[in-house]
Amino acid sequence: MSLGTTLKQVRQQRQITQREVAQNICAQSMLSAIENDRYMPNAALLMRLCERLAISLNEISLAQNFQVGPQVTFNQRIEELCNQHRYAELHAFLKQDDVVAAIDSDEQTQAYYYYLGVTDVQLGPNLDAAGRNFRLSLASAVSGRTTTLTRIAQVSLALVRGRQQRRTEAQKLVATALAALTTSPYEENLNILFYLAALLDFEAQRDHDAMQRLVAGIQFATDHNSHYLLANDYHLLAVIADRNERLANTDFHQSERLLTKLFHEKIYDHF
């Protein structure tokens with residue numbers, strides 16, 4: 001799944017025309033060339049396009065949400081609030097007595113605490129509360145089963161621990177989340193593991209490690225014919241490339257080789 005194809009799919013999902021995306025950023029003909037893989041944008045241009053397409057580094061939606069109860073209306077409401085990043089409303093909704101009372105399985109309990117942890121990260125962030133809720137989510141996991149939600153909760157807790165400067169614990173959580181991934185049944189939500197692990201490395205100034213995670217994540221997604229989170233992956237790659245260019249990082253040339261390998265062609269204009 002190429003960069004151009006990914007951007008085109010996101011634009012079409014947002015129901016935005018090429019003209020609207022390109023306005024005050026680049027010529028529509030250039031955007032068309034990018035979408036058809038005839039031109040590789042530099043980091044600055046790619047970041048502006050991602051901003052126009054509402055592709056965020058921190059606000060991402062699951063490919064498929066997890067159930068917190070047997071009632072369809074509850075789960076639909078959670079999906080709606082998550083996909084629209086309305087975290088304050090989601091937090092208030094999860095705290096309602098009837099929502100809590102509807103939970104009737106370990107899997108639903110695990111999903112409930114995971115979503116609470118997400119709202120804690122986004123609203124403040126309250127890292128202590130987020131860590132506590134992600135731990136509760138993991139404690140609710142069915143023993144002996146490593147599910148997609150368990151892996152996502154592990155890497156989400158790793159991101160929290162990284163922001164709390166507990167980096168050794170964070171790296172152990174990432175390693176556990178990614179362990180034996182090739183033997184697990186594929187679900188699109190597994191793509192998120194690579195992205196959050198890369199974001200953890202990025203926030204810790206480990207740009208080369210972050211780029212390796214993103215390259216692996218893009219390969220993992222495309223191997224399974226998925227485009228979920230690819231736009232976010234490319235966006236974060238652009239941010240890393242831009243930061244390395246501005247900081248004249250000594251590892252930039254090594255990172256540049258990774259980008260060249262990723263895009264299978266020459267890097268244009270500072271990208």
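With a Förster radius of 45 Å applied to the C-beta separation of Arg166 and Glu20, the computed FRET efficiency comes to 0.55.
Applying 1/(1 + (r/R0)^6) with R0 = 45 Å to the Cβ-Cβ distance of Ala101 and Gln219 gives a FRET efficiency near 0.55. Residue by residue, the stretch 154-171 carries 3J(HN,Hα) couplings of 5, 6, 5, 5, 4, 5, 4, 5, x, 6, 8, 6, 9, 6, 5, 4, 4, 5 Hz when phi is fed to the Karplus relation 6.51 cos²θ - 1.76 cosθ + 1.60 (θ = phi - 60°); x denotes Gly or Pro. Evaluate the relative contact order of the chain (contact order divided by residue number), counting alpha-carbon pairs under 8 angstrom at least 6 apart; express in whole percent. Once normalised by length, the contact order is 19 percent. Take every Cα pair under 8 Å whose residues are at least 6 apart in sequence, average their separation, divide by the length of the stretch 65-183, and the relative contact order is 20 percent. Free of any GluC sites (Glu not before Pro) that DSSP assigns to a loop and that have at most 14 other C-beta atoms within 10 Å, the longest stretch within the chain is 60-264. Computed extension gain for Asp37 through Asn83, at 0.36 nm per residue and net of the alpha carbon distance, reaches 13.7 nm.
If the only charges are +1 at each Lys and Arg Cβ and -1 at each Asp and Glu Cβ, what is the size of the charge dipole of the chain around the Cα centre, to the nearest 20 debye? Using Cβ point charges on Lys, Arg, Asp and Glu, the chain gives about 400 debye. Spacing of the modelled spin labels on Ala180 and Gln9, each 7 Å from Cα toward Cβ, amounts to 2.9 nm. Site pair Arg48 and Arg135 shows an inter-label distance of 4.7 nm when each label is modelled 7 Å from Cα along Cα→Cβ.
Given their separation in residues at 0.36 nm each and the Cα-Cα distance between them, Gln28 and Val72 gain 11.6 nm when the chain is fully extended.
The mean sequence separation of alpha-carbon pairs under 8 Å and at least six residues apart, normalised by the residue count of the stretch 143-236, gives a relative contact order of 25 percent.
Exposed loop sites here mean trypsin sites (Lys or Arg not before Pro) with a DSSP loop assignment and at most 11 other beta-carbon atoms within 10 Å; the chain contains its longest site-free run at 146-265.
Since every read-out is calculated from the coordinates, none of them should be taken as a lab result. Computed from a predicted model, the values in this text were never measured in an experiment. Cβ atoms come from the backbone with ideal geometry, glycine included; neighbour counts cover every protein chain shown.
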